[in-house]
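Take a look at the structure below.
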Amino acid sequence: MKLPDFPWDALAPYGQKARAHSQGIIDLSQGTPVDSTPDFIQEELKAGSNSPSYPLTTGSAPLREALKKYCIETLGVSGDFDVLPTIGSKELVALLAYMLEAKSVLIPEIAYPTYKVGAL
């Protein structure tokens, strides 16, 4: 059985070229972070570590408001819109076309291939 090449395979030559550069490469592929977690993130994780229940499926109201504020102030989004925080679930992205009645989906410019496929 011949499976299609995974999209990341096409990037391999560019990674090899970057590794040869004096400043190296920052590999953001899945499972490869090598930088230590910043202190402020560690502190927030510690502060929330004694919450013995699952979070709300839709995220907390303060989180959703912060995300909306970011979309407005940083991305220039306008109009009436909602946000749904996820933990990076590719399944959600792939299902957006079936779930939404909207004609537009906001996706990261640099992202896993599933984002583009799910948004088309």
Looking only at residues in segment 28-44 that are surrounded by 10 or more Cβ atoms within 10 Å (Cβ to Cβ) and either on the phi > 0 side of the Ramachandran plot or part of a loop (DSSP other than H, G, I, E, B) (or both), which one is modelled with the lowest pLDDT? Pro33
Could you list, ordered by first residue, the pairs with Cβ atoms under 6 Å in which the first is in segment 60-85 and free of Cβ contacts under 8 Å to residues at least 60 places away in the same chain and the second is among the charged types (D, E, K, R) and outside any loop (DSSP other than H, G, I, E, B), at least 6 apart or interchain? Val83/Arg64; Val83/Lys68
Within segment 10-27, of all residues that are part of a loop (DSSP other than H, G, I, E, B) and either of a type in the set (Ser, Thr, Tyr) or touching a helix residue (DSSP H, G or I) at 6+ places or on another chain (Cβ under 9 Å) (or both), the one modelled with the highest pLDDT is Ser22
So which residues in segment 45-77 are loosely packed, with under 10 Cβ neighbours inside 10 Å and in contact with a helix residue (DSSP H, G or I) (Cβ under 8 Å, 6 or more places away or on another chain)? none
Number of the condition not met by Asp80 [criteria: (1) modelled with pLDDT of 80 or more; (2) more than 26 Å from Leu28 (Cα to Cα); (3) surrounded by 12 or more Cβ atoms within 10 Å (Cβ to Cβ)]: (3)
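The values are calculated or read from the model by the stated rules, or taken from the named source; none is laboratory data. The structure displayed is predicted, hence computed values, not measured ones. Here the Cβ is made from the backbone with ideal geometry for all residues, glycine too, and neighbour counts use every protein chain on show.
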